[in-house]
1. Sorting LEU204, LEU218 on the 10 Å Cβ count, fewest up front, what's the list?
2. Please arrange ILE160, ILE61 by counting, for each residue, the other beta carbons lying within 10 Å of its beta carbon, fewest first.
3. With 10 angstrom as the radius, rank ASP84, ASP236 by how many other C-beta atoms surround their C-beta, starting from the fewest.
4. For the pairs LYS143/LYS168; LYS31/LYS143; LYS22/LYS175; LYS73/LYS177; LYS115/LYS252; LYS45/LYS73, note any where the Cα-Cα span goes beyond 23 Å.
5. Compute the FRET efficiency between ASP180 and THR300 as 1/(1 + (r/R0)^6), taking r as their Cβ-Cβ distance and R0 = 56 Å, and round to the nearest 0.05.
6. Contact order normalised by length for region 1-66, with contacts defined as Cα pairs under 8 Å and 6 or more residues apart; what percent is it?
7. With each pseudo-label sitting 7 Å past Cα toward Cβ, what's the ALA165-ILE253 distance in nm, one decimal?
8. Please list 3J(HN,Hα) in residue order for region 296-309, calculated via the Karplus relation 6.51 cos²θ - 1.76 cosθ + 1.60 where θ = phi - 60°; whole Hz, with x for glycine and proline.
Amino acid sequence: MVEDGKIVNIRQYLTEQDRQTKYKGTEAERKALEKSFEERVAKLKETRSLDKSVKVEDNNITIPGVSDEELAKFRTKIIEYTRDLNGQMSQDNKANFARDTVFRSFMMFKTWIPKQVILRTKDVTFNIEKGHWEYGRGRAFLKTIAFVGIRNIHTIQDIIAGNEAGLKKLDEMLKAKRDDYFKKTGEQLIITDEEFYDLMRTELTNQMKELKLLFGILALVFAAGAAVPDDDDSLDDVTRNRYKYLMKAMNKIQDELSFYYSPTSMESMTKGSIIPSLGLLLKAQNILSSVAKESYGYATDDEEMMKKAYPLKYTFNIMPGFYQVQTEILPFFFPEVAKDMGIRVTAEARQN
């Protein structure tokens, strides 16, 4: 919406307005104010959101009272939020890792990794583009656990709830953070108490949501694994392949979520599953090996060896588009052809 000639995010605007009073009142008043937050957001959306303010004249869109400078700032803010969602980085953000040829090759198809890791591990910093403070939710979570101790981990719930016990603990954490920041930089951390309260409560809430989602997906994967179909001859190939395909999809989601928490994620990078250069070398090696095996079988008149060489399968593996056809289409529509080519649907979600 437009406020004082600036385009502002409604939620951010209300949060900043509430911050001026909610931590000065009682716990009951604070809860009542936070409970009415969504209702007040909806009301402002209905009355003051941008779609109520913009004007279309002669195929041009104008926002009364908003300067070109403010429009440029709004555009920059949208781009920054989009980068957070899809893992893209600005030229300044990616300058360090983009200079390294090997690292750039490693991340050819995983360019979202550095940005998403930064979002979870960054220290307290003010984002100029967005106009508010940020703290990596993973870092904030681990720092909180380290500060309160494993035995007092329930304190995290007090912090998220914003009750008196939680705010008292946040005061202690902020004092320690300011001291640590001064030792590292020689400067004062200028974040206010209220801004730090909201920042920590938001990031801890987001981290808890991500962990709940991760454990929920893990439970779903375990449940699906328990429902594995029997390997008897009465089960047709199409049904078996469908099950494995669904398992693969769930495992893929689980792999993406657990990437930041599982120590095996980095280990898998050394096997060519994430590093494309190593993956291509392994695929090329498989092609040469299968061609050599079929040639030897032909020379020795060994039909069994020729039948199990599968050179066409390994050739398709290295060709974009054909690989997806042979793994995602053939087993479901032409299971016999897939079987003759040695193609098997797997429930494992390989990171590629």
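1. Numbers: LEU204 20, LEU218 14.
Going from sparsest to densest Cβ surroundings: LEU218, LEU204.
2. Values: ILE160 17, ILE61 9.
Going from sparsest to densest Cβ surroundings: ILE61, ILE160.
3. Values: ASP84 15, ASP236 10.
By the 10 Å Cβ count, ascending: ASP236, ASP84.
4. Numbers: LYS143/LYS168 16 Å; LYS31/LYS143 26 Å; LYS22/LYS175 21 Å; LYS73/LYS177 30 Å; LYS115/LYS252 20 Å; LYS45/LYS73 21 Å.
From the list (LYS143/LYS168; LYS31/LYS143; LYS22/LYS175; LYS73/LYS177; LYS115/LYS252; LYS45/LYS73), the Cα-Cα distance tops 23 Å for LYS31/LYS143; LYS73/LYS177.
5. Details: r = 71 Å, r/R0 = 1.27.
That gives a FRET efficiency of 0.20.
6. Numbers: 42 pairs, mean separation 26.9, N = 66.
Here the relative contact order equals 41 percent.
7. 3.5 nm
8. 5, x, 5, 5, 9, 6, 9, 5, 5, 5, 5, 5, 9, 6
No value in this document is a laboratory result; all are computed from the given coordinates. Note that the coordinates shown come from a computational prediction; the quantities given were computed from them, not determined experimentally. Every residue, glycine as well, gets a Cβ built from its backbone with ideal geometry; the counts of neighbours run over all protein chains shown.
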